[in-house]
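Taken together, the values in this text are just the output of simple stated rules run on the coordinates, not laboratory data. Just so it is clear, the structure is predicted and the values come from calculations on it, not from any experiment. Every residue, glycine among them, receives a Cβ derived from its backbone with ideal geometry; neighbour counts consider all protein chains shown.
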Amino acid sequence: MSAPGSMRVVALVPAAGSGRRLGAGVPKALVPVLGESLLVRAVRGLLNSGMIHHVVVAAPPEAPEEVRAELNPLGPVARVVPGGSDRTESVRLALAEAERVVPDAGAVLVHDAARAFTPVPVIQDVIRAVEGGARAVVPVLPVADTVKQVDSSQRVTATVDRSHLRTVQTPQGFAVDTLRAAYDNAGDAATDDAGLVEQAGETVTTVPGHAHALKITTAFDLAIAETVLAAEPVPEDDLP
Ligand code: C5P
């Protein structure tokens, strides 16, 4: 085990989604929020952690050059590969590239471009947890709403005890060999990298997430991003 801080860390950014639900007419990662794309904001956030050595972005397969040009101002720390037909494939391709570029990496983060406003301390907490020996780490939030279970006719069958429920954000952090093994054995497409690690029988631990790390999916989310998230820095006392 490396001493804290000595582990080389790579970050994978799956950004190959079409963003159909956002209806912006461009890949979601390239949608601007107050003049700056979700992708640039997400990658800059990762770099601002000061703990990441290299970033690999999975671009829409038809637009790798556009994505490269978008990231150019950030310098040579971000590499772009064409993504796949689903998120799992995009992560698999980015992981292969990361292992080529930084073969001695000990930790890998997977961070959705759509979570462009994730506060830097959340990113740092995830990395520190992996450096501290966790094999897989996810940022989580408690569930605010009451949760009901329904049957196929939409009738309520149970009220779920939400005290044990969490919603999951990114970046998710992994020991590199743990994520590689999970992806080597992955069958169907997964929405969640830690889910693949769970299926492989590994323990997944949690750190506190943050409301600002929401996934920009709909026009409503984009409006929140423009009026709140991009407009104001996160208050210090609101950070984990
Ligand atoms: O569609 P959704 O918002 O769930 O996608 C989550 C993340 O996965 C997004 O950042 C999206 O760009 C990425 N993705 C990808 N390759 C795909 C589909 C989605 O990298 N083929």
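Here are a few things to note about the model shown:
- FRET E, pair residue 69, residue 177, Förster distance 30 Å, beta-carbon r, rounded to 0.05: 0.30
- Near the amide H of residue 57, within less than 5 Å, lie the amide hydrogens of 13, 79, 80, 81, all on another chain or at least 5 residues away, with H placed in the peptide plane.
- In a simple Cβ point-charge model (Lys, Arg +1; Asp, Glu -1; nothing else charged), segment 84-240 has a dipole of about 300 debye relative to its Cα centre.
- Karplus-derived HN-Hα couplings along segment 49-66 (A = 6.51, B = -1.76, C = 1.60, θ = phi - 60°), whole Hz, x at Gly and Pro: 5, x, 10, 10, 8, 7, 10, 10, 9, 8, 8, x, x, 8, 9, x, 5, 4
- Each residue of segment 114-121 is assigned a 3J(HN,Hα), and the resulting list reads 5, 9, 6, 10, 4, x, 3, x Hz, derived from the Karplus form 6.51 cos²θ - 1.76 cosθ + 1.60 (θ = phi - 60°), x at Gly and Pro.
- Sequence-separation-based contact order of segment 1-144, relative, with Cα cut under 8 Å and 6+ spacing, percent: 35 percent
- Positive end of the dipole of segment 1-158 (Cβ unit charges, origin at the Cα centre): among 61, 98, 152, the Cα lying farthest that way belongs to 152.
- Residue exposure sequence - 127, 216 - by fewest surrounding Cβ within 10 Å: 127, 216
- Peptides ranked, highest mean first, by Cβ atoms within 10 Å: ranges 171-183, 105-117: 105-117, 171-183
- Quarter the surface of the alpha carbon convex hull of the chain and you get the mean projected area, 14.1 square nanometres.
- In this rough spin-label picture, where each label sits 7 Å from Cα along the Cβ direction, the residue 163-residue 228 distance is 2.8 nm.
- Here the gap between residue 198 and residue 48, fully extended at 0.36 nm per residue and compared with their Cα-Cα distance, gives a gain of 51.1 nm.
- Here the 3J(HN,Hα) profile of segment 9-15, calculated from phi with Karplus coefficients 6.51, -1.76 and 1.60 at θ = phi - 60°, is 10, 10, 10, 9, 10, x, 9 Hz, Gly and Pro shown as x.
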